[in-house]
Amino acid sequence: MHLTTFTDYGLRTLMYLAAEPDKLCSVREIAEHYAISRNHLVKVVHKLSQLGYVASSKGKGGGIRLARNPGDLYLGDLISSLEPNMNVVECFNEETNTCKVSSSCQLKYFLGDANQAFIRSLNSHTLADTVPDRELFLQPLKFV
């Protein structure tokens, strides 16, 4: 399983916002904190807003913040809503599948079960669990 950069940035953004619950944050601030593309992050934040995870306000004094309690946001659900698909192998997509043995192959069922177990496992944790010590989380990265 490999998560897209989009999902990675989405999770990082939500974690940052969870660590700053009383502050309106900017996309620029988050992008600089993680040293990631601001342009890409704008698209991620737009999607997070569409999904109802982030509330945004425009103009002077505007910014973004979590729209929901981080203890109510389950990691598996977040990942499922951000990933374009959870296709571990090509046969998971009937429209583009070209595998010659998929009609009799049992591997796809085992992989499907593992995929579901992955999401179930992540759903035993919330966004709040990812930021147990807000002060440590917000310190700038130090490379040794």
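Listing for the model above:
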item	result
For segment 5-138: Kirkwood Rh in Å [reciprocal of mean 1/r, alpha carbons]	16.5
Estimated 222 nm signal from helices in the chain, with DSSP H stretches of n ≥ 4 weighted -39500 (n - 2.57), rounded to 500	-13500 deg cm²/dmol
Partners for Lys100 among lysines (Cα-Cα distance below 25 Å; same-chain residues under 8 apart left out)	Lys108
Sequence-separation-based contact order of the chain, relative, with Cα cut under 8 Å and 6+ spacing, percent	30
DSSP-loop trypsin sites (Lys or Arg not before Pro) across segment 19-90, with at most 15 other Cβ within 10 angstrom	Lys23, Lys58, Lys60, Arg68
Helix runs (DSSP H) in the chain reaching 27 Å along axis by Cα, Kyte-Doolittle at least -1.0	none
Within straight-line cross-link reach of Lys23, lysines at Cα separation under 17 Å, skipping those fewer than 8 residues along the same chain	Lys58, Lys60
Listed residues Tyr16, Tyr34, Tyr109, most fluctuating in the chain (Gaussian network, C-alpha, under 10 Å)	Tyr109
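Rule-based calculations on the coordinates, nothing more; no lab input. These numbers come from a predicted model, not from an experiment. Neighbour counts run over all protein chains shown; Cβ positions are idealised from the backbone, glycine included.
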